[in-house]
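Below is one structure, written out as structure tokens, with a few remarks after it.
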Amino acid sequence: QGQVLTMLMSTRVALCAAAASLLLLNTSVHGSAVSASRHLPNKAEGEKAELSSSRRLQDQDAEETNVIKTNGGGGITDAISDFFFDDECDRTEKDVSRLTDLSGWMSQLDPDTLLTDVTLPGTHHSGLYELSTTVNDNDPEYKTIQDNSYGVPTEVISSALCRFSMTQSLSISEQLQAGIRYLDLRIDLDSETSTFRAFHVLFGPSVEVLLGQIAEFVREHPREIVVVEMAELVNPAATASDKLKLQQVILETFGSALIPEPADGLPDLPTVGQLQQSGTTVLVAVQDEDVEGGSDLLWSTSVFRNTFANSADLDRMVAYNEERLDEFEADRSYGSRRLSKLSWLLTPDQAYIKDYVLTGSIHELAIEANGALEKFAADNQGKTLGNVLLLDYFETSPIFDVLGLSDKSEGEFVPESGATTNAFAVISLTL
């Protein structure tokens, strides 16, 4: 992945260099025109004409220089910067034509259904529907890029990564309304703002904003069960105090809605009905032991069995996941309490970037992968697709048809109209 992102960076550098050349060429052309105007018609005009021409040229040069400087606020460098770099990535356009309102599908399940007998529709890097162009320089993927960046400024690198870092187009609230019940939140400490934020090389929304959307949904739909996995706290500067604050944000946001981690030796996870009746409908698992270990209301991420093909090749990803289905069946026969995840994902690799550096994206890969999901399910009819079926840009897939949830719809899906919250702000919402 580091090699892939380095290729992106190199391409971006070339584009920036081309833009700089165009600006310089533009200035050079103006200069040539100016030089031509400096030719005196004849020697008879003498020093008076030369002086008059010189003054006109000084005024013209000053005006042209001012135009270049004001185009971006600080010369050619700023002009290029404003043309190429923004503080935020452009959001992927939403296509909700496949979606319906499935905000209440779990309330229609048999209450005796075990959580381990349900396949939850899930999203990969769920919080990355919005991204800043601020790099998380603690991300191991970014460190690989940095080692091969040849001193190129971070701004050049980060602006090239949007298409290969963003994984969703719908907010958390919209995902939950559409029927998603597993959320993959990769969270890390942003030292610059002293906040915990979602990330995938680039930083996304704050953890308060993300968890707040979940809390609001659960408050409005108390019979819906939501599973949240918070992984990859990678900033070595995160102190014990920082981690305690993250724990408190989680506990205070969800309060009594948190599902307690079961005692060792419990044969099964609770039934859907038991969770609904007790009012504990949010399962939060945290990878960092310092965050998770101090509370029995937070789970270890060891409750999940993660699988990942790590390929941009569709046939390879399909074959990999077919093997995983057989393993899932074996786990079930042994009475495993772990929640198995089937990652229906294509990942950009070096070959993909080489061929599609200017047009490729995770979105394009998701469309290809999601288009093959229905056939995969039909070819493996009778097999469970894990406890979590994980997708990028899930709205481009038939996931709810495949999982038999479409008939539980409560009406039309209603997308959010514009930005309803500042995704990068720190907002505390509690149940």
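Any read-out appearing in this document is the output of simple, stated calculations on the displayed coordinates, not a laboratory observation. This one's a predicted model, so the numbers in the text were calculated from it and none came from an experiment. Glycine gets a Cβ as well: all are built from the backbone with ideal geometry, and neighbour counts include every protein chain shown.
Observations, loosely collected:
- By average C-beta atoms within 10 angstrom, highest first, the peptides 355-366, 227-238: 227-238, 355-366
- Gained length - residue 290 relative to residue 278, 0.36 nm times residue gap less alpha-carbon distance: 1.6 nm
- Taking region 91-412 and dividing mean pair separation by its residue count, relative contact order in percent (alpha carbons under 8 Å, at least six apart): 25 percent
- Chain lengthening between residue 412 and residue 237 when straightened (0.36 nm per residue, less Cα-Cα): 58.4 nm
- Principal semi-axes in Å for region 91-412 [√(5λ), Cα gyration tensor, largest first]: 29, 25, 19
- Contour minus Cα-Cα distance for residue 323 and residue 381 (0.36 nm per residue): 19.5 nm
- Inter-part distance where region 163-199 and region 282-339 are each reduced to a Cα centre, Å: 19 Å
- The residues packed around residue 288, meaning those with a beta-carbon under 14 Å from its beta-carbon, carry a net charge of -4 if Lys and Arg are +1 and Asp and Glu are -1.
- Pairs over the 32 Å Cα-Cα cut-off, from the set 375/408; 243/383; 94/245; 243/375; 94/243: 243/383; 94/245; 243/375; 94/243.
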